[in-house]
1. Treat each spin label as a single point 7 Å out from the Cα along the C-beta direction, and report the Phe86 to Asp228 distance in nm.
2. Throw me the Rg/Rh for segment 134-209, computed over C-alpha atoms with Kirkwood Rh, two decimals.
3. In whole Hz and in residue order, list the ³J(HN,Hα) couplings for segment 336-348 that follow from phi through the Karplus curve 6.51 cos²θ - 1.76 cosθ + 1.60, θ = phi - 60°; x for Gly and Pro.
4. Quick one: dipole size for segment 255-324, taken about the Cα centre, charges +1 on Lys/Arg Cβ and -1 on Asp/Glu Cβ, in debye to the nearest 20.
5. Keeping all protein chains in place, calculate the accessible area per residue for segment 279-360 (probe 1.4 angstrom), answer in Å².
6. Can you list residues whose amide H is under 5 Å from Phe78's amide H, if they're 5+ apart or on another chain and H is modeled 1.01 Å from N?
7. Please work out, to two decimal places, the log10 of the ratio I(q)/I(0) at q = 0.17, 0.19, 0.21 Å⁻¹ from a Debye calculation in which every Cα of segment 94-175 carries one identical scatterer.
8. Please give every one of the lysines within straight-line cross-link reach of Lys60, meaning a C-alpha to C-alpha distance under 29 Å, and leave out same-chain neighbours fewer than 8 residues apart.
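The values are calculated or read from the model by the stated rules, or taken from the named source; none is laboratory data. Predicted, not measured: the structure shown is a model, and the values here were computed from it. Cβ placement follows ideal geometry from the backbone for every residue including glycine, while neighbour counts extend to all protein chains displayed. These accessible areas exclude ligands, DNA and RNA; they are computed on the full protein's heavy atoms, side chains included. Shrake-Rupley method; radii C 1.70, N 1.55, O 1.52, S 1.80 Å.
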Amino acid sequence: MIATNDFIPSPYTHSVENGNFQWSAPSNIALVKYWGKKENQIPANPSVSFTLNNCKTITKLAFAKKDNDDKFSFDLLFEGQPKEDFKPKIQKFLERIEIYLPFLKDYHFTIDTENTFPHSSGIASSASGMAALAMNLMSVEKALNPEMTDDYFYQKASLLARLGSGSACRSVKGQVVVWGSQKNISGSSELFGVEFPHAIHENFRNYQDTILLVDKGEKQVSSTVGHDLMHNHPFAERRFAQAHENLDQLIAIFKSGNLDEFIKIVESEALTLHAMMMTSMPYFILMKPNTLEIINAIWKFRNATQIPVCFTLDAGANVHVLYPKNVSKQVLQFIQNELVGYCQNGQYICDEIGNGAVLI
């Protein structure tokens with residue numbers, strides 16, 4: 001079994017004065033949700049997600065050797081402009097991962113990052129952002145240790161990304177990614193995400209995700225606070241058991257291609273996530289009236305047409321509309337005819353399953 005100590009490197013064999021790398025990493029959408037965590041970004045229950053393709057962060061990392069003053073040194077640019085309010089999060093991230101990347105204080109870093117989706121669109125950018133940064137930092141480590149294997153590179157990148165933002169570990173590699181220990185999924189780990197190892201039916205190939213931007217505002221409750229509220233939650237233990245059960249069921253569903261059963265699990269998981277928020281103390285509601293209008297419209301459309309379209313939600317008001325590629329024409333027509341009016345400024349983003357981070 002792989003332990004955190006396995007990712008603490010031996011002394012490096014090479015030295016590098018300066019250089020730069022550029023990676024893109026996508027967002028992801030959980031099907032079985034992770035809500036609640038233990039110390040060091042360890043999930044209270046396993047999760048599985050579709051990796052997205054179009055909603056991604058592109059990050060360029062330049063680095064140059066400096067006189068070692070034993071401090072982290074970095075500049076942060078967002079879309080080419082200095083972004084001071086992001087810096088504390090990056091500082092905290094570097095502090096968390098220094099044990100795994102002992103070279104961090106040897107260099108001055110310039111982190112230049114941008115998203116392909118509108119900032120503050122209500123799409124979680126922490127997953128894509130932290131995954132992209134982790135990939136770049138691993139490229140620096142690979143320059144210092146060229147013998148590193150690809151398996152180690154991607155596992156460690158996922159581990160580092162997790163320490164920046166839990167769900168970021170699912171944005172590194174693979175189309176369907178599991179994070180958290182699950183007895184029926186070989187190689188699954190709380191430390192990093194792994195590619196789903198079982199057969200996946202062609203029904204789930206090129207699956208589509210159209211994201212309806214219901215509310216582009218800042219979240220009322222940060223994810224960190226929300227996760228913490230699971231500690232004394234009256235339904236926490238049953239919820240964590242349910243996540244294991246649903247993930248087990250998805251193994252069979254992914255193999256058989258049963259879209260009806262897939263829809264039941266995915267929609268139930270989305271509503272359960274929000275039920276946990278509504279029953280915590282303090283309690284909160286992140287759905288908006290238009291979120292409910294969209295959900296009801298999807299149910300009505302599915303019942304009338306038998307087209308296998310469903311929804312899922314993150315910890316926010318926006319709705320992810322999931323459907324197989326072969327019904328795209330009908331679903332997009334439905335979205336334009338009936339759902340766009342519920343989106344803020346009529347905005348939505350068309351996305352689909354992708355493969356993870358890419359070196360540019």
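1. Label-label distance for Phe86 and Asp228, simple model: 2.5 nm.
2. Across segment 134-209, the Cα-based Rg/Rh ratio is 1.02.
3. Result, rounded to whole Hz: 5, 6, 10, 10, 4, x, 8, 8, 5, 6, x, 8, 8.
4. The dipole of segment 255-324 has a size of about 100 debye.
5. On a per-residue basis, 51 Å².
6. Those qualifying (amide H under 5 Å, at least 5 residues apart or on another chain) are Lys83, Thr113.
7. -0.70, -0.85, -1.01
8. Lys71, Lys83, Lys87, Lys89, Lys92, Lys105, Lys142, Lys156, Lys173, Lys216, Lys219
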